[in-house]
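Q: Dropping the structure in here first, questions after.
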Amino acid sequence: MEIDPHFKPLNPGLYSVKERWNTSQIGFQIDSHTQDHFPNIDFAEIAIFNVSEYEGTDNVESSADCKIRDSFYRLYFEDLPKIADLGSLLLMPTRKESFDLITEVCSDLIDKGIIPVVIGGGQDVSYAIYKAYAKLERTITFCSVDSDFNIGMPDDKLKSSSFVSKIFSYKPNHLFNYINLGYQSFFVKPEEIKLLEGLNFEIHRLGMVKANMQEVEPFLSLDMSSVKSSSFMSNVYSTPNGFDSEEVCRISRYAGISDKITSFGIFEYNQELDIYNQGSHLISQMIWYFIEGYKSRKHELNPNVDNCIKYTVAFDDEQTEIEFYKSNTSGRWWMGVPFKNPRTNLFDNYFVACSYDDYTQANKGEIPQRWLKTYSRFL
């Protein structure tokens, strides 16, 4: 797919002259889409672009130049990975066509091994990104950093408050697991909690995530309304509680470190409310931390069992055993979940990233919830 006709170049008055930045600033090192040049994505590791699609949210588009990009380009980064800034996606005449275009662009990038970093726009753009994986016939885990589940009502049209139910109902199904990080109990219906737990999905309250930040391994979609208003006011949904700016940067860094991350979206930024540029500064720093995490990847999507210490925990029922693996290279932990491989008809291990806390819990005779939920999804 030729994607360059679908993007608007950056403001030439601001971004065409590389000499305005120091050689170690991102603005000098990044490959940007200008009037006379489109980045060569064949050599890119990460591709950044804006999607100013706000029809399904109460946040609004801004006609001014993107403040996030201006702030991001000013940051310093030693030896930046190969990053292409594609500019702003040109929306199509209808919303469906725009979402189809987002799906096409993201599937093309992901298929090339390039990580799309999408700056939204409403969070319902995540639905189009999910469809990119479905188009590639890839089964994924979708993680949403959000104070709400965004399930909505059965008859709701696609919007930021209902897009997750559209992902659940999409056919054919390519969703292996859904994870919510940071939900706040007073924003969600008790029956939604029961529904998600009954489907063996993983949902984590804000307080739990704050207390166990080292266990966070997010995937894909971050709603800026999950950040409390004292740290981020550039959003009509902001509330007094949520993650603070340091915590959301840590989440972004963990996302970058995770070898499972193949796309990253930051949504619900309202530039019209960003009077003092604090919102754009925060999001630019989140992207910076994501890139720093990406540079620290150990390329351990699954454990190399020959380079791991293996621990086997047996339980009192004398039937259940869990195999834990700790990497000698990175210190990361996994646990093996047995499943019947449909191709070989033999039992194999599905590896789930975990923590040392899961191992100590198992040694106390308690099966980790993460293991149980994964095992149940194979039944």
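Read-outs: derived from the displayed coordinates by stated rules, not from any lab. The structure presented is a predicted model; accordingly, all values stated were derived computationally and were not measured. In this analysis, Cβ positions are derived from the backbone assuming ideal geometry, glycine residues included, and neighbour counts consider all displayed protein chains.
Q: In straight Cα distance, which aspartates and glutamates are under 18 Å from K364, not counting same-chain residues fewer than 8 positions off?
A: Correct list for K364: D316, D317, E318, E321, E323.
Q: For region 352-377 and region 8-38, what is the centre-to-centre distance using only Cα atoms, to the nearest Å?
A: 47
Q: Also, I was wondering about something else. Give me the angle, in degrees from 0 to 90, between the Cα long axis of helix 245-257 and the longest principal axis of the Cα atoms of the chain, rounded to the nearest 10.
A: Helix 245-257 and the main axis of the chain meet at about 70 degrees.
Q: Can I ask one more? So which chymotrypsin sites (Phe, Trp or Tyr not before Pro) in region 300-375 pass both tests, a DSSP loop state and at most 14 other Cβ atoms within 10 Å of the Cβ?
A: Values: sites: Y311, F315, F324, Y325, W333, W334, F339, F347, Y350, F351, Y356, Y359, W371, Y375; in loops: F315.
Qualifying residues, ordered by number: F315.
Q: Which of the pairs K159/K210; K135/K373; K82/K373; K159/K340 have their Cα atoms more than 30 Å apart in this structure?
A: Values: K159/K210 28 Å; K135/K373 26 Å; K82/K373 37 Å; K159/K340 38 Å.
Where the Cα-Cα span goes over 30 Å, the pairs concerned are K82/K373; K159/K340.
Q: Also, quick follow-up: Under 17 Å from the Cα of K157, which aspartates and glutamates turn up, not counting those fewer than eight places away in the same chain?
A: Filter leaves E53, E55, D58, E97, D100, D124.
Q: Right, something else. What are the semi-axes of the equivalent ellipsoid of region 305-377, taken as the square roots of 5 times the eigenvalues of the Cα gyration tensor, listed largest first and rounded to whole Å?
A: Details: eigenvalues 71, 57, 24 Å².
Taking √(5λ) for each eigenvalue gives 19, 17, 11 Å, largest first.
Q: What are the ³J(HN,Hα) couplings of region 12-20, residue after residue, when phi is run through the Karplus curve with 6.51, -1.76, 1.60 and θ = phi - 60°? Round to Hz, x for glycine and proline.
A: Once rounded to whole Hz, the list reads x, x, 9, 10, 7, 9, 5, 5, 6.
Q: Would you calculate the separation in nanometres between label points at N363 and E272, each defined as 7 Å from the Cα along the Cα-to-beta-carbon direction?
A: Each label point lies 7 Å from its Cα, and together they span 5.6 nm.
Q: To continue, here is another question. I'd like the distance between the alpha-carbon centres of region 267-286 and region 65-95, rounded to an integer number of Å.
A: With region 267-286 and region 65-95 each reduced to a Cα centre, they are spaced 14 Å.
Q: To continue, here is another question. With a cut-off of at most 13 other beta carbons within 10 Å, and DSSP calling the residue loop, which trypsin sites (Lys or Arg not before Pro) in region 139-239 qualify? Please list them.
A: Counting only loop positions with at most 13 other Cβ atoms within 10 Å, the trypsin sites (Lys or Arg not before Pro) in region 139-239 are K157.
Q: Give the label of the value calculated from the structure for semi-axes √(5λ) of the Cα gyration tensor in Å, choosing from [x] 35, 27, 19; [y] 46, 20, 18; [z] 35, 23, 21.
A: [z]
Q: If each of T344 and Y170 carries a label point 7 Å out from its Cα toward its Cβ, how far apart are those two points in nm?
A: That separation, rounded to one decimal, is 3.0 nm.
Q: Same structure again: When a/c is below 1.5 the answer is rounded, else prolate if a/b is larger than b/c, else oblate, so apply that to region 246-372 with a ≥ b ≥ c taken from the square roots of the Cα gyration tensor eigenvalues. Can you show the working numbers first?
A: Numbers: a/c = 2.52, a/b = 2.33, b/c = 1.08.
Verdict is prolate for region 246-372.
Q: Considering the zone a paramagnetic label at K82 would reach in this model (a point 7 Å from Cα along the Cα-to-Cβ line), which residues of region 21-40 have amide N under 12 Å from it?
A: It comes to 31, 40, nothing else.
Q: Which translational diffusion coefficient, to the nearest whole µm²/s, is obtained for region 1-118 from the Stokes-Einstein equation, given a Kirkwood hydrodynamic radius over C-alpha pairs, 25 °C and 0.890 mPa s?
A: On the way: Rh = 15.0 Å.
Here the translational diffusion coefficient equals 164 µm²/s.
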